[in-house]
Amino acid sequence: MPRNKTLLIALLLFLPLQIFAQGNRFAKVDQEVVQTATVVEPRLLKMFSEDFMIPEDQVSKLVIYDLSGDGFGEGDIARTFPGGRFYIVTPGNRTQRIMNEWSFGGNIKFTAHSSDPPEVFESAPDSVRAMGGIFASLLRGLRRNYKGTPIKIHLEQNDGVTSVEMWGYSPELMKYMPPPENKVPEEVPVMKLIYLEKTVVDSVITTGLK
């Protein structure tokens, strides 16, 4: 495939969504989370650059995008840094064997049906209970403030900044509802009345003289 055509395909895939009009009736604008692998080790950078036929002289980082979601390999796209150029990859046998060893690892996914209470996830096994607690809080807020489907949410926290992005939802069904107040039972002073009942018995002793 000619190089200019390769770059055109790559740019179309990664152009910011803002370029396309949200109200375009000829296209549905959406986005997906794509798995990536970042290569910075000099020996591997040299190997991948030669295998992918990247002509750039200086490549300090290579980011490979798993576009199909089936693992890294042929047909995926690599982006060079600092050049910022995109290349469709066709790995050789040795490079593909290395890529086959890459796995996301450690990812946890919770799935809740509409009838599942959030408390279920707060009772998850100890190994994932913290993640279940985060999902339970998100589930409560979502069900309280959005009464429709579908909706897509991406949450990210990095370098002291937490960001959340929402899309694909119906704005008219998004209505703020404050969380329920946790009312603490009011302590009413209780006066305890203790009745002491005392019985006094008068004993009369009669003595008589014979």
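The values are calculated or read from the model by the stated rules, or taken from the named source; none is laboratory data. No experiment lies behind these values; they were computed from the predicted model shown. All Cβ positions, glycine included, derive from the backbone under ideal geometry; neighbour counts span all protein chains shown.
What's the total number of residues in segment 142-162 that are in contact with a Pro (Cβ under 8 Å, 6 or more places away or on another chain) and under 22 Å from GLN31 (Cβ atoms)?
Result for segment 142-162: 0.
Scan segment 27-48 and tell me whether some residue there is of a type in the set (A, V, I, L, M), in contact with a helix residue (DSSP H, G or I) (Cβ under 8 Å, 6 or more places away or on another chain), surrounded by fewer than 16 Cβ atoms within 10 Å (Cβ to Cβ) and at pLDDT 90 or above.
Yes: segment 27-48 contains one or more residues that are of a type in the set (A, V, I, L, M), in contact with a helix residue (DSSP H, G or I) (Cβ under 8 Å, 6 or more places away or on another chain), surrounded by fewer than 16 Cβ atoms within 10 Å (Cβ to Cβ) and at pLDDT 90 or above.
Checking the condition among the basic types (Lys, Arg) and loosely packed, with under 10 Cβ neighbours inside 10 Å, which residue from LYS152, LYS175, LYS109 passes?
Exactly one of LYS152, LYS175, LYS109 is among the basic types (Lys, Arg) and loosely packed, with under 10 Cβ neighbours inside 10 Å, namely LYS109.
For (1) closer than 29 Å to ALA37 by Cβ; (2) outside the structural domain of LYS28 (by TED's automatic domain parsing); (3) of a type outside the set (Lys, Arg); (4) modelled with pLDDT of 85 or more, each residue gets a yes or a no:
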position	(1), (2), (3), (4)
ASP126	no, yes, yes, yes
ARG129	no, yes, no, yes
TYR146	no, yes, yes, yes
VAL164	yes, yes, yes, yes
LYS183	no, yes, no, no
VAL188	no, yes, yes, no
VAL204	no, yes, yes, no
GLY208	no, yes, yes, no
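Being closer than 30 Å to PRO171 by Cβ, of a type outside the set (Val, Ile, Thr) and assigned to a strand (DSSP E or B) is true for just one of HIS154, HIS113. Which residue is that?
Testing whether each residue is closer than 30 Å to PRO171 by Cβ, of a type outside the set (Val, Ile, Thr) and assigned to a strand (DSSP E or B) leaves just HIS154.
Answer yes or no as to whether GLU181 is surrounded by fewer than 11 Cβ atoms within 10 Å (Cβ to Cβ) and among the acidic types (Asp, Glu).
Yes, satisfied.
Could you check, for segment 75-94, whether at least one of its residues is assigned to a helix (DSSP H, G or I) and not assigned by TED's automatic domain parsing to the domain that holds LYS147?
Yes, segment 75-94 has at least one match.
Residue by residue through segment 51-97, note down the ones that are more than 30 Å from the chain's Cα centre (by Cα), surrounded by 11 or more Cβ atoms within 10 Å (Cβ to Cβ) and of a type in the set (A, V, I, L, M, F, W, C).
PHE52, ILE54, VAL59
Taking the options PRO82, PRO118, name whichever one is closer than 21 Å to LEU155 by Cβ and of a type outside the set (A, V, I, L, M).
PRO118
Is it true that some residue in segment 168-185 is over 22 Å from the mean Cα position of the chain (by Cα) and of a type in the set (Val, Ile, Thr)?
Yes: segment 168-185 contains one or more residues that are over 22 Å from the mean Cα position of the chain (by Cα) and of a type in the set (Val, Ile, Thr).
Return yes or no: is GLU172 in a helix (DSSP H, G or I), among the acidic types (Asp, Glu) and either in contact with a Pro (Cβ under 8 Å, 6 or more places away or on another chain) or modelled with pLDDT of 90 or more (or both)?
When the stated conditions are applied, GLU172 passes them.
Go through (1) in contact with a strand residue (DSSP E or B) (Cβ under 9 Å, 6 or more places away or on another chain); (2) assigned to a helix (DSSP H, G or I) for PHE72 and report which single condition fails.
Tallying (1) in contact with a strand residue (DSSP E or B) (Cβ under 9 Å, 6 or more places away or on another chain); (2) assigned to a helix (DSSP H, G or I), PHE72 fails exactly one: (2).
Using beta carbons and a limit of 6 Å, which pairs, at least six apart or on different chains, have the first residue in segment 59-76 and without any contact (Cβ under 8 Å) to a residue 24 or more places away in the chain and the second one part of a loop (DSSP other than H, G, I, E, B) and surrounded by 13 or more Cβ atoms within 10 Å (Cβ to Cβ)?
Note: pairs meeting the criteria are GLU74/THR90; ASP76/LEU67; ASP76/VAL89.
Starting from residues that are of a type outside the set (A, V, I, L, M) and surrounded by 11 or more Cβ atoms within 10 Å (Cβ to Cβ), keep the ones in segment 1-19 and report whichever is modelled with the highest pLDDT.
Taking the candidates together, the pick is PHE14.
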